[in-house]
1. Being out of contact with any Phe, Trp or Tyr (no Cβ under 6 Å at 6 or more places or on another chain), at negative phi, surrounded by 13 or more Cβ atoms within 10 Å (Cβ to Cβ) and of a type outside the set (Phe, Trp, Tyr) is true for just one of His41, His69. Which residue is that?
2. Quick one: in the range 58-71, which of the residues that are part of a strand (DSSP E or B) and in contact with a strand residue (DSSP E or B) (Cβ under 9 Å, 6 or more places away or on another chain) is nearest to Thr37 (Cα to Cα)?
3. Considering only the range 37-70, how many residues are charged (D, E, K, R) and over 14 Å from the mean Cα position of the chain (by Cα)?
4. Please go through the range 1-57 and give me each residue that is under 24 Å from Glu74 (Cα atoms), of a type outside the set (Val, Ile, Thr) and part of a strand (DSSP E or B), ordered by number.
5. Determine if the range 3-11 includes at least one residue that is at pLDDT 95 or above and loosely packed, with under 15 Cβ neighbours inside 10 Å.
6. Quick check: anything in the range 21-36 modelled with pLDDT of 95 or more, farther than 14 Å from Tyr2 by Cα and within 13 Å of the chain's Cα centre (by Cα)?
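The values are calculated or read from the model by the stated rules, or taken from the named source; none is laboratory data. Since the model is a prediction, treat every value here as computed from it, not as a measurement. Glycine also receives a Cβ, built like all others from the backbone with ideal geometry; neighbour counts cover every protein chain displayed.
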Amino acid sequence: MYRAGERYFAVGARCTHQGAPLDAGLVRLSGSEATVTCPAHGSVFRLEDGRVMRPPAMQPIPVFDVRVHEGGLELRPRA
């Protein structure tokens, strides 16, 4: 999960290319699009919708809707 101001992003923890841990990758929250870069092979994913922005990954990562409820965060898989 990532936070940019009042916005929260929740995505799958593994790259869809070869399963590298995305929590070890570079996260960019400023600029036009928030992204995470896979530390193994450099695939870049959009945090908003999980879309692949740069290969070698070909499949998007899972994304979750996030809401603040009673001081905590609740997640649900996005359809």
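1. Every option except His41 fails the conditions.
2. Filtering the range 58-71 for residues that are part of a strand (DSSP E or B) and in contact with a strand residue (DSSP E or B) (Cβ under 9 Å, 6 or more places away or on another chain), the one nearest to Thr37 (Cα to Cα) comes out as Val63.
3. Of the residues in the range 37-70, 2 are charged (D, E, K, R) and over 14 Å from the mean Cα position of the chain (by Cα).
4. Tyr2, Arg3, Ala4, Arg7, Tyr8, Phe9, Ala10, Arg14, Pro21, Arg28, Phe45, Arg46
5. Looking for residues that are at pLDDT 95 or above and loosely packed, with under 15 Cβ neighbours inside 10 Å, one finds none in the range 3-11, hence no.
6. yes
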